[in-house]
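Below is one structure, written out as structure tokens; the observations come after it.
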Amino acid sequence: MTEMVLTGPKQTLFTEQLRAELDKWIAKYPIGRAQSAVIPCLHILQEANGGWLSRAIMDALAEYLSMSNISVYEVATFYSMFEMEPVGKHKISLCTNISCMLCGSEEILEHLQRRLSIKPGETTEDGLFTLKEVECLGACVGAPMLLMDKQYHEYLTKEKIDALIDGVQS
């Protein structure tokens with residue numbers, strides 16, 4: 001995890017490394033349109049903060065991009081890929097939209113809940129897994145499917161879920 005540095009009265013941030021990463025994205029947009037980089041910047045900051053975005057981080061990003069705090073909050077809370085609270089080391093986002101539902105995502109969700117002893121929105125006691133129920137992840141052809149650690153897992157079965165979880169815990 002990259003260490004963030006908050007300084008100044010309005011908590012302008014970041015380490016030089018983080019600023020360089022943010023600036024690389026900002027440079028892809030026309031001058032005066034830094035706010036267009038808000039989504040990739042949120043990804044960078046979320047990863048650097050252990051998988052979630054605090055209000056202080058979002059406020060500092062708003063200042064860095066010269067945009068209103070509420071505009072950053074609107075983006076961060078709209079997309080299910082951003083977390084507003086701490087999450088486990090491994091975030092499991094299970095699609096339960098129509099294609100996945102028709103192919104058995106409800107049974108997969110029940111199995112995950114039993115196996116991990118958590119419900120959607122919760123994190124295991126050991127901090128290893130967070131389970132999320134999400135709408136569409138855009139892989140309907142491989143339904144039912146989930147996203148874990150930025151990797152898609154398709155055509156899920158209980159056995160595939162068990163192997164995936166066992167592979168992480170070992």
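The values are calculated or read from the model by the stated rules, or taken from the named source; none is laboratory data. The structure presented is a predicted model; accordingly, all values stated were derived computationally and were not measured. Here Cβ is always computed from backbone atoms with ideal geometry, including for glycine, and neighbour counts include all displayed protein chains.
Only one of the listed residues (56, 60) is in contact with a Lys or Arg (Cβ under 9 Å, 6 or more places away or on another chain), in the same structural domain as residue 15 (by TED's automatic domain parsing), farther than 20 Å from residue 137 by Cβ and assigned to a helix (DSSP H, G or I). That residue is 60. The number of residues in the stretch 114-170 being out of contact with any helix residue (DSSP H, G or I) (no Cβ under 8 Å at 6 or more places or on another chain) and of a type in the set (Lys, Arg) comes to 4.
Exactly one residue out of 32, 51 is over 28 Å from residue 140 (Cα atoms) and at pLDDT below 95, and it is 32. Among the conditions (1) of a type in the set (A, V, I, L, M); (2) farther than 30 Å from residue 36 by Cβ; (3) in contact with a helix residue (DSSP H, G or I) (Cβ under 8 Å, 6 or more places away or on another chain), the only one that residue 65 does not satisfy is (2). Every listed requirement among (1) over 20 Å from residue 101 (Cα atoms); (2) at pLDDT below 95; (3) within 14 Å of the chain's Cα centre (by Cα) is met by residue 137 save one, (1).
Let's see how each residue does on (1) within 19 Å of the chain's Cα centre (by Cα); (2) touching a residue at least 12 places away in the same chain (Cβ under 8 Å):
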residue	(1), (2)
100	no, yes
105	no, yes
113	no, yes
119	yes, yes
122	yes, no
131	yes, yes
150	yes, no
159	no, no
162	no, yes
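Of all residues in the stretch 94-137, those satisfying the criterion of being touching an Asp or Glu at 6+ places or on another chain (Cβ under 8 Å) and among the aliphatic types (A, V, I, L, M) are 94, 109, 131.
Here the condition is being within 28 Å of residue 53 (Cα to Cα) and not aliphatic (A, V, I, L, M); of 133, 110, 106, it holds for 133 alone.
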